[in-house]
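Student: Structure incoming, see below.
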């Protein structure tokens, strides 16, 4: 019985120690993101990032996930900033390009959006049909003529 009590105490101490680390904040942020608790997720990802000891892949994901939460709150400048940071760390993160394209599209920066959608498609193994620039453009007839995809040379055709 005494061994059980000691192992329980050490297990709980280990859990509490992890919760007070960047890794624990990252996991808790992810859980909050899954529960659609945007502000809580942003705060936890911020804490994980600021601690400075995440692995580079997890640091890229923390910036990406926090950027995605800002995007859900329509805080586009913050979303783009975090997605830029994520892509600086891991330039092959296709979903970060996709999320940044959404932010650019909402800002009316259609050329940048198309470029990022194109990069997401190139990096993705099986891109969804909805990511194709032609598909997106066909649903946006109100674009200014000068920024319509037929007038852009984004390299994506």
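FYI, it's all coordinate maths here, none of it is from the lab. No experiment lies behind these values; they were computed from the predicted model shown. Glycine gets a Cβ as well: all are built from the backbone with ideal geometry, and neighbour counts include every protein chain shown.
Student: Pop a pseudo-label 7 angstrom from the Cα along the beta-carbon direction at both residue 34 and residue 84 and give the gap in nm to one decimal.
Tutor: A separation of 3.2 nm, rounded to one decimal place.
Student: Would you please put 89-99, 68-78 in order of how densely packed they are, using the mean number of other Cβ atoms within 10 angstrom per residue and starting with the highest? Let's see the in-between values first.
Tutor: Values: 89-99: 19.3, 68-78: 17.7.
Ranking the peptides 89-99, 68-78 by packing returns 89-99, 68-78.
Student: In nanometres, what is the gap between the two model label sites at residue 123 and residue 106, each 7 Å from Cα along Cα-to-Cβ?
Tutor: 1.9 nm
Student: Based on the Cβ-Cβ distance from residue 55 to residue 77, what FRET efficiency comes out when R0 is 35 Å, to the nearest 0.05?
Tutor: 0.80
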